[in-house]
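Everything on this sheet refers to the single structure shown next.
What follows draws every value from the coordinates through simple rules; no lab data is involved. No experiment lies behind these values; they were computed from the predicted model shown. Virtual Cβ from ideal backbone geometry, glycine too; neighbours counted across all protein chains shown.
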Amino acid sequence: MNDERAANAVDKKIGQRVRSRRLEIGMSQERLADLLGVTFQQVQKYEKGVNRIAASRLHDIAAALDMPPSRFFEGLAAGRGAGVAEARKDYVDDVLATPEGTQLMSLFASIKSIRVRRRVIELVKALAEEAADGKRP
């Protein structure tokens, strides 16, 4: 039985975007919870996509995170597909939802030299290929 009120892939993606933005601006879950008048456990549930976020609450979250509410929906597929929340295979939000991803993006953005940025990309690409090769038998 499919419960229409249960969280789905879109709810999870919106939760990831809440977490990503919160980490981007250096806000704790406790601080966001205080601004919203909820417990930090509720913020955790929102960010994990366990609990759906009502429209009015999403509006409050957007205000607390100083971003337009529409940003939560950018790039999401129209309609309700088979559990796929993204129209394209773009996992930037997934990466930015981690502390390491946020730190990497911040540090990368601080590099002014195009040459150095390209070298960083080459390094990360080589490391990713090496990691992928290590998983193969």
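Among Lys112, Lys13, sorting on how many other beta-carbon atoms sit within 10 Å of each Cβ, with the fewest leading, yields Lys112, Lys13. Sequence-ordered 3J(HN,Hα) estimates for region 23-37 from the Karplus curve with 6.51, -1.76 and 1.60 and θ = phi - 60° stand at 5, 4, 9, x, 9, 7, 4, 4, 5, 4, 4, 4, 5, 8, x Hz, glycine and proline given as x. Shape class for region 98-137: oblate, because the ratio a/c of the largest to smallest gyration tensor axis (alpha-carbon atoms, square roots of eigenvalues) is 1.5 or more and b/c is at least a/b. For the peptides 60-68, 103-111, residues were scored by their other Cβ atoms within 10 Å and the scores averaged per peptide; the highest-first order is 60-68, 103-111.
By the beta-carbon count within 10 Å of each Cβ, the least crowded to most crowded order of Leu32, Leu123, Leu23, fewest first, is Leu123, Leu23, Leu32. Counting neighbouring Cβ atoms within 10 Å and putting the fewest first, the residues Arg52, Arg115 line up as Arg115, Arg52.
Using the beta-carbon distance between Glu130 and Glu100 and R0 = 22 Å, what value does 1/(1 + (r/R0)^6) give for FRET efficiency, to the nearest 0.05? So the FRET efficiency works out to roughly 0.80.
The H on the amide N of Ile25, modeled in the peptide plane, is under 5 Å from the matching H of no residue at least 5 residues off or on a different chain. A simple spin-label model places pseudo-atoms 7 Å from Cα toward Cβ; at Asp66 and Val116 they are separated by 2.6 nm. Calculated FRET efficiency, His59 to Leu123, Cβ-Cβ distance, R0 = 41 Å: about 0.50 to the nearest 0.05.
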